[in-house]
1. Working carefully through the options A:Lys364, A:Lys350, A:Lys304, find the one that is open to solvent by 10 Å² or more (accessible area, probe 1.4 Å) and either aromatic (Phe, Trp, Tyr) or out of contact with any helix residue (DSSP H, G or I) (no Cβ under 6 Å at 6 or more places or on another chain) (or both).
2. Just to check your reading of the model, which residue among D:Ile254, D:Ile309 is within 11 Å of another protein chain (Cβ to nearest Cβ), over 15 Å from the mean Cα position of the chain (by Cα) and in a helix (DSSP H, G or I)?
3. Identify the single condition in (1) of a type outside the set (Val, Ile, Thr); (2) within 30 Å of B:Arg156 (Cα to Cα); (3) within 14 Å of chain C (Cβ to nearest Cβ) that D:Phe292 does not satisfy, given that it satisfies every other one.
4. Identify the single condition in (1) buried (at least 23 other Cβ atoms within 10 Å of the Cβ); (2) farther than 17 Å from B:Ala136 by Cβ; (3) within 14 Å of chain B (Cβ to nearest Cβ); (4) free of Cβ contacts under 8 Å to residues at least 40 places away in the same chain that D:Thr246 does not satisfy, given that it satisfies every other one.
5. Within the bounds of region D:194-205, is there any residue that is closer than 24 Å to D:Arg114 by Cα, part of a helix (DSSP H, G or I), open to solvent by 30 Å² or more (accessible area, probe 1.4 Å) and more than 7 Å from chain B (Cβ to nearest Cβ)?
6. Keeping to region A:193-228, report how many residues are open to solvent by 50 Å² or more (accessible area, probe 1.4 Å), part of a helix (DSSP H, G or I) and in contact (Cβ under 8 Å) with a residue 12 or more places away in the chain.
7. May I ask you to say which residue of C:Leu71, C:Leu66 is in contact with a Gly (Cβ under 9 Å, 6 or more places away or on another chain), away from every other protein chain (no Cβ under 11 Å), open to solvent by 30 Å² or more (accessible area, probe 1.4 Å) and in a helix (DSSP H, G or I)?
8. Read through the list (1) at pLDDT 90 or above; (2) buried (at least 23 other Cβ atoms within 10 Å of the Cβ), then give the number of the only condition that B:Gly43 fails.
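The values are calculated or read from the model by the stated rules, or taken from the named source; none is laboratory data. This is a predicted model, so every value here is computed, not measured. When we count neighbours, we look across all protein chains shown, and the Cβ atoms used for this are built from the backbone with ideal geometry, even at glycine. These accessible areas exclude ligands, DNA and RNA; they are computed on the full protein's heavy atoms, side chains included. Shrake-Rupley method; radii C 1.70, N 1.55, O 1.52, S 1.80 Å.
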Amino acid sequence: MMRTLTRRDFALGAAASGALLADVGRARAAARPIKLGSLLPRSGFEAQIGQSCQRGVDLARKLLPAMGYAVEVIDADTESKPEVARTRAEKLIRDGAEMLVGAFDSGQTFAIAQVAEQNGIPFVINIGADPAITEQGYKYVFRNFPTSVMLGSHGLARFNDLFAATRTSPKTAVLLIINDTFGQSMLKGINALMPKANLPFQIVETISYDPQAKDLSIEVAKAKAANAELQMVVTRLQDVIIMVREMVKQKYEPMGIISPGSPGMYQTQFMKVLGKYADYAITNIPWLDPKQPLARSFTAAFTKAYPDEVCTLDAGFTFEGFLIGADAYKRAGSAKPQALVEALKATDIKERVMIGGAITFDAKGQNVNLPSGVVQILDGRPTVVLPTENAEAKPVFPVPGWSKRA
Amino acid sequence: MSAALLEVRGISKRFRGLQAVDNVSFAVPPGGIVALIGPNGAGKTTTFNLIAGAMVPDGGSIVLDGADITGGRPDQACRAGIGRTFQLVKPFGALSVLQNVMVGAFKATADRVAARRAAWEILERLGLAEKAENPAKTLTLPERKRLETARALATRPKILLLDEVMAGLRPTEIDQMVRAFADLSRETGLAILLTEHVMRAVMALSHHIVVLHHGQKICEGAPEQVARDPQVLECYLGHAQAAERPGA
Amino acid sequence: MLYLNIIVAGLLTGAVYGLMALGLSVIFGVVRIVNFAHGEMMVLAMYGACLANAGLGLDPLLAVPLVTLTLFLLGYALQRGLINRYIARPDHEQFLLLLAVATMITASLLMGFGPDARNVQLGYAYDSYQIGAMLLDKVRLLAAAGAVLGAAALSGFFRFTRTGKSIRACADNQFGAQVVGLDVKRLYAVTFGLGAACVGAAGCLMLLLVDVQPYIATDYTLLAFIIVILGGLGSMPGALFGGILVGVSEALSGFLVEPSFKSAFSFGLLILVLLVRPQGLLGRA
Amino acid sequence: MRASRALGLSPRAAAALGLFLAVMLLLPFLVNAYIVSVLVVVLFAAYFGQSWNIMTGFAGQLSLGHALYVGLGAYTSAALFVHFGLTPWLGMIAGMAVAALAGSAIAALSFRFRVGGVYFALLTIAFAEFTRILFDHFGWVGATEGLFLPVANLAHDDPVRLRGSPVMFYYLLLVLSLAALVLSHSLLDRRVGYYWQAIREDEEAARALGIDVFRYKIAAMALSAAMTALGGTLLAFYDNNLYPDTVFAMGRSIEIIIAPIIGGLGTLFGPIVGAFLLTGLGETMTNLSTYFEISGLKQWFYGAALLAIVALQPSGLWPWLSRALGLWERRR
């Protein structure tokens, strides 16, 4: 379960990306590794996703030195609680962490950001979508992840690309959305952007459901009764599994299920549990760029280390978080906070794992260059189908009905 | 008996088909000591509960010192001047003996020092002074019964309702208690209504006896008068003799 | 017709909830202990059914006897070894004791199975029957049938077996039971075992409906509380009735109002019942 | 000396308390920021425990839903600050009023209908959860999206607006906890304290002694709720972000009550001792378990420690500890 990466795993992964590593490895490693503190919810109710991010940490620990970066990573578990995140962040700093990376959850990220500011220690957010985080005027906080508003707008923008590529134009949609922090800020974004996005469809009904729901039969029945062509969803993992299962049982077959940018329908468990019914689910989300050499070598290393898991954005963004830190240290040539912050501000990483242009930060410390791709499950694997320049396959839409799947 | 302190007029209480108290009337004069006797299940404790506000009577009325207190809550009854003990003792186990009595004393005063002083006096009177600092849960059963009395006394009642406080005491202890109550009543003008199986105490202490049987009053009068009543002898004293044996 | 579908779905899920809550109710009715580790015990059972499926290839329905027996023994041992000593202790100590047990169960599951959700793959997981306009979900139907059977078996046990009758006597009058020479401590242990067995069976059935994760336990503990209080803490038919009531009311409120608000309905219902009829709808005063 | 007598302490206990206070006052100068952040957690736990102790330890009504009052205090003061710029010192009074009102209403409903014991405990959970879901849908305070206090990174602490460093919060909480200690002690020494304890020990007997049980129970709940809400305000201004699902979480209600139970329910120092012990235990285990890299290990040991305490010292550690140190506190 908690498999850690062995050197051998990495050797195999590294071999697969030899050319790339030779390239970036030219730069001489700094004399002393920088201590990067990792903060993730590895236990508690977010443990599942925390562990998924942790794989990115373990890969960073092995891959970055081979890429010529001098890093040492110290782990900490936030136990999915903001107050623990806070004390753990303080502890990491006391243990010598010179930069923090984390923490997936917005509440915990907030707590850590305050500690980082108070201590004057740079903090790179791997995942955490709450727009408020970068609106606080923080000087030490950098985020390489879209805000929920960005996610929503980029996600909606991809709908038209999808419809254009498949020459479809659904007229109606029903939106099933989780009532938690992430879901509701997404909903706000979607409602604000829908009129401007110039989409062919109308949202005829919005159904918001409880994040603790164990049973979504009523929600699905309600969605089915709305009789819309398209099902839009903003979910987490557990509930989207229940949702799809319920859709199959209730023989509810919209043209497709599309998420404008939420977790769930690209995670290993989704495909493992639902099998053929997971296929064709679409999520518009930032994804690993199959055309980037670094992404390919990262994916290869991931697959070697965790053959049963699918390499997702959790690991990808987490890895990038550490890459950003390591890169800043290398350019700064010093682990002094001010030098690191200046280097972080000047970040311009072109060789990256995720789709999009170079990693850069605006004045608020937000990377605004984080477009979404269209990721569709094809043959049990998340596949980038749009934009065309990054795509590995063509999108399938409308999707085949439940009974027509082999 | 129009000058009675406590006047009970025709009270009744029915539980699921059982007429526990049936149209019972009696009175306690100021400073008087009245015993309520009868075999087990005669309705004595229910009568007590009705007077003390723990139960609401189905009919009849209860007048204390000219005020109708029928159907009031127990705390209101207490504030009206009724102090009571429980047959199954209810000490505040985690509190010390002194603190137990102070809870009662706080009815008359909000001042801690005054309450403490009042509590000490009562403990000394009832011979519990040397146990004052012990937690109430460490007391023996007879001591707990005395604590019940002390606590009720501390509320400075006009009338004290004693529910079998002598049970389980040794004869010498009974005599001691009887003397204590008699003194108390004489010195302070306190009226007492008691139920008791210990006939020795009843006869020595009470001025007046009310006999209940199956919820009804069958007889009342002075102790020697009641003791001679054929009805009482027939239905009650037979039981009482049995009940007077130690451990009954 | 849509309403019928929704009510039936709520009814079927409610039956499984009912069986789960039945365990809590039986334990409280006899032992007078509120089992704050109830949800954790059910999650344990769900993992048990997962293991039986992975190791022996057993369908969760067929794993019921095995898991139920295991949970019975576990509950028996827990009561005998630990809880019996706390019968007469204050509420908050019992609460802390069971909280500690619950914490350890969840932590053990996390260590043993990791945080990922688990489930079983069944050939019939996606089947449903179309009867006119009504859509019946096979898994839900099976689970509900299992729940009703389980409840019937338990009620039969209490009605017809010697031990069952003794337990009932013990619940009515503990002191009297001791006087006539019943071994109350053993009966308590058997009762706790039976309560655990109920959640054991409910866990297997629940696994047909949901995936299991170590952290879902608290939600089920709360749900079980709501149900037994609605039905009447200590009342067996009350627990089943409460389960169905919660199932149906959640379904209807989810459909008519806002799904994210539906658990507020259950809590609202609970508050109402506690205030108006604290002994529960079918409880004795 | 007079102060020690006023608190009913022996000279030895007074010396111990003095020493403890001196250490607590100096501590932020002696330890690093990590320890300070842990101490803030300790003091929050101690203060919430003290507040809860009034309701359950003194008056004997088991409340399992105190997160409700934390949340009401936190949200009231934070929302007033965010929307109207109202200083938290006034906001906290508003929060306390709201919480006291809610607490009284819940208590009045429950006790009027004679809901007691376990039923009352479950009812408090129900009210807390119900409110959590309400706040999940309460747009004015951000619903599930959360409510954020603007974070200003000031060079100096600003106690007027409660913006500042953990050290400032450390001292605020220390003062608050001491105030709660003095208040608890003085309450126990008055009629109301005697009455609460009488109600805790036996309601029927209390009633027979003229105590209006209903009123005194409501008073206990209102005071306990208001005190908890005051802590909630500090929590809001310390955390700077509020989500219903974390502020009103049932887990928080449970955390609040563990420390005083472990320390010694109904005692004056129990909640403080319990808070130190539990938080210390938790941190030590976290630090140890990072070596083992097994998630869940910490929680397992935590559960085991709770089990050990409830098995060995079911009435709490403080009575035992104070006896062992010769600081025997009069059992109240």
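1. Details: A:Lys364 fails: either aromatic (Phe, Trp, Tyr) or out of contact with any helix residue (DSSP H, G or I) (no Cβ under 6 Å at 6 or more places or on another chain) (or both); A:Lys304 fails: either aromatic (Phe, Trp, Tyr) or out of contact with any helix residue (DSSP H, G or I) (no Cβ under 6 Å at 6 or more places or on another chain) (or both).
On inspection, the qualifying residue turns out to be A:Lys350.
2. Working: D:Ile254 fails: over 15 Å from the mean Cα position of the chain (by Cα).
That would be D:Ile309, the only listed residue that is within 11 Å of another protein chain (Cβ to nearest Cβ), over 15 Å from the mean Cα position of the chain (by Cα) and in a helix (DSSP H, G or I).
3. Going through (1) of a type outside the set (Val, Ile, Thr); (2) within 30 Å of B:Arg156 (Cα to Cα); (3) within 14 Å of chain C (Cβ to nearest Cβ) one by one, D:Phe292 breaks only (2).
4. (3)
5. The initial filter retains those residues of region D:194-205 that are closer than 24 Å to D:Arg114 by Cα, namely D:194-205.
Add one more test, that the residue is part of a helix (DSSP H, G or I), and what stays is D:194-201, D:203-205.
Then keep just the ones that are open to solvent by 30 Å² or more (accessible area, probe 1.4 Å); that gives D:200-201, D:203-204.
Filter once more, so that each one left must be more than 7 Å from chain B (Cβ to nearest Cβ): D:200, D:203.
Looking through region D:194-205, at least one residue is closer than 24 Å to D:Arg114 by Cα, part of a helix (DSSP H, G or I), open to solvent by 30 Å² or more (accessible area, probe 1.4 Å) and more than 7 Å from chain B (Cβ to nearest Cβ).
6. To start, the set of residues in region A:193-228 that are open to solvent by 50 Å² or more (accessible area, probe 1.4 Å) comprises A:195-196, A:198, A:202, A:204-206, A:212, A:224-225, A:227.
Filter once more, so that each one left must be part of a helix (DSSP H, G or I): A:195-196, A:224-225.
So of that shortlist, the ones also in contact (Cβ under 8 Å) with a residue 12 or more places away in the chain come out as A:224.
Of the residues in region A:193-228, 1 are open to solvent by 50 Å² or more (accessible area, probe 1.4 Å), part of a helix (DSSP H, G or I) and in contact (Cβ under 8 Å) with a residue 12 or more places away in the chain.
7. On the way: C:Leu71 fails: open to solvent by 30 Å² or more (accessible area, probe 1.4 Å).
The conditions single out C:Leu66.
8. Result: B:Gly43 passes all but (1).
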